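Down below is the structure, laid out as structure tokens.
The values are calculated or read from the model by the stated rules, or taken from the named source; none is laboratory data. What you see is a predicted model, and the numbers here were worked out from it, not measured in a lab. Virtual Cβ from ideal backbone geometry, glycine too; neighbours counted across all protein chains shown. Side chains included, ligands, DNA and RNA excluded: accessible areas come from the protein's heavy atoms. Shrake-Rupley method; radii C 1.70, N 1.55, O 1.52, S 1.80 Å.
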Amino acid sequence: MSALEYNPFSYEIHEDPYPIYARLRAEAPVYHHAGLDFFALSRHADVLAAIKDTELYTNTYGVSVEPSASHPAAQLVMSFLGMDPPRHTQMRALVSRGFTPRRVAELEPRIREMAIGHLERMRALGRCEFIGELAGVLPMDVISELLGVPSPDRAELRKQADTLVHREEGVFDVPPAAGVAFGKIWSYFGALVEERRRAPRSDLVSALLAAEIDGERLAPMEIQSFCNLMVVAGNETTTKLLANALYWLWRNPDQRKLLADEPGLIPRWVEETLRYDASSQAIGRVTNRPVTLHGVEIPAKKRVMLLLGSANRDERAFPDPDVYDLRRDTTASLSFGQGAHFCLGAALARLEGRVVLEEFWRRFPGYQIEPRGCARVHSVSVRGFAALPLELAP
Ligand code: HEM
């Protein structure tokens, strides 16, 4: 058997990481990549325990594996995702004052309207590329809608957000173009926060400027970092969920037939897609002190990748994990993380998933995918398609 290497930058891994994950779980549950000097945990129980242990594993260096994205100033870029409790708890509570379940639920009619607009345009085309027409557009527009980004600015912001996550083959760090895109997004939100400070509206940025707990408020720059986090955390991941759902249903005709008989299973379609092929495959942490796991010592101040995508396929946590099964119990799925940093946008992502797939399935239950035109995105942690060509038979 070949030597075991897990390199999250490799295009081969982006194509299909699951055979390597299976080997990691079996042969090297505490894997160390000597060249890139990171550790990786791949079993469900280990990943879960690590996510919950915010004392041992810190978020303050950010959650990415890339060397230049790993630094103690991560909170500037990632807001409270780059913080540990108790500061994380305070910041998240303040943001939650504005980013309420009600604000999310109120977005449903608007999300449906946007989805229908895209789908009707797609119907007129007959065949189309799903990422360009809908999946790559809608999530960023929903975030823009929520934050209060005006329509004319959205296309440019979306372009920068895409550049931010793109990775070149053979480059094991954040490429310069991504740094430039980050700078543009950062200054855009700086100006937006300042505008809303002077003239508040009904959007989330204005609500965050007004949010207060025990006399504490968010500084404008903290809101700017939060806007940035929303783009990084909520855009690509949701795009990938939508396309992955269409792809895996198409690859599993028995599940497609099941859905045709029971369209009420659409929320299960969302959940099983998230488990089976997690949009966010890995999150990073850094050890505060040495720890020994399965006989391997991880020294202090080492980068550890928590492989959510592998945990979701762990045979110790899910029966027949490699089977795509809409009826399965996905409660143990780690796709949105767990514990203190559990995805703040999970309800929004689920809402977007359900609404888009409901409207899509209603119109195009006979859809087909053209496999030759499919292309994968190359990212260290985000998994899914850059292109997914569809034939839209009703
Ligand atoms: C399918 C879509 C999504 C997936 C798979 C996903 C996944 C995740 C994961 C795994 C984390 C935990 C990161 C960690 O522990 O290091 C996270 C955190 C977060 N997500 Fe999501 N996410 C999605 C959509 C969204 C959306 C739509 C938003 C907001 C618009 C969002 C906002 C956030 C925020 C703010 C955090 C940080 C929470 C904290 O640090 O307390 N996410 N997400």
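With a 10 Å cut-off between alpha carbons and a GNM built on the chain, which of ALA178, ALA124, ALA260 moves the most?
Looking only at ALA178, ALA124, ALA260, the biggest GNM fluctuation is shown by ALA124.
Gaussian network model of the chain, Cα springs within a sub-10 Å range: biggest mean-square fluctuation belongs to which of SER96, SER280, SER310?
SER96
When the label point is put 7 Å from the Cα of VAL323 along its Cα-to-beta-carbon vector, which residues of the range 231-270 have a backbone N closer than 12 Å?
Only 255 fall inside the zone, counting backbone N under 12 Å.
Which of ASN288, ASN312, ASN59 moves the most in a Gaussian network model of the chain with Cα springs under 10 Å?
ASN288
So, with +1 on the Cβ of K and R and -1 on the Cβ of D and E, and no other charges, what is the size of the charge dipole of the chain about its Cα centre, to the nearest 20 debye? Let's see the in-between values first.
Working: 46 positive and 51 negative charges, 112 e Å.
Dipole magnitude for the chain comes out near 540 debye.
Where does each of TYR57, TYR247 land when they are ordered by accessible area, with a 1.4 Å probe and the largest first?
If we order TYR57, TYR247 from most to least accessible, we get TYR247, TYR57.
At q = 0.21, 0.31, 0.35 Å⁻¹, what is the base-10 log of I(q)/I(0) for the range 35-74 according to the Debye formula with one equal point scatterer per Cα and no solvent? Please give it to two decimals.
Values, matching the q order: -0.77, -1.09, -1.12.
Rank CYS227, CYS374 by accessible area, highest first, at a 1.4 Å probe radius?
Largest accessible area first, the residues go CYS374, CYS227.
What's the local net charge at PHE342, with K and R +1, D and E -1, over the other residues with C-beta under 11 Å away?
+2
Kindly identify the chain as rounded, prolate or oblate by the Cα gyration tensor criterion: order the square roots of the eigenvalues as a ≥ b ≥ c, call it rounded if a/c is under 1.5, otherwise compare a/b with b/c, prolate if a/b is larger, else oblate. Walk me through the numbers before you get to the answer.
Values: a/c = 1.57, a/b = 1.02, b/c = 1.53.
Note, shape of the chain comes out oblate.
Taking LYS52 as the anchor, which lysines have their alpha carbon closer than 25 Å to its alpha carbon, excluding any fewer than eight residues away along the same chain?
LYS301, LYS302
Which trypsin sites (Lys or Arg not before Pro) in the range 144-227 sit in a loop by DSSP (not H, G, I, E or B) and have at most 13 other Cβ atoms within 10 Å of their own Cβ?
ARG201
Keeping all protein chains in place and using 1.4 angstrom, which order do GLU297, GLU66 fall into by accessible surface area, from largest down?
Highest to lowest solvent-accessible surface, that is GLU297, GLU66.
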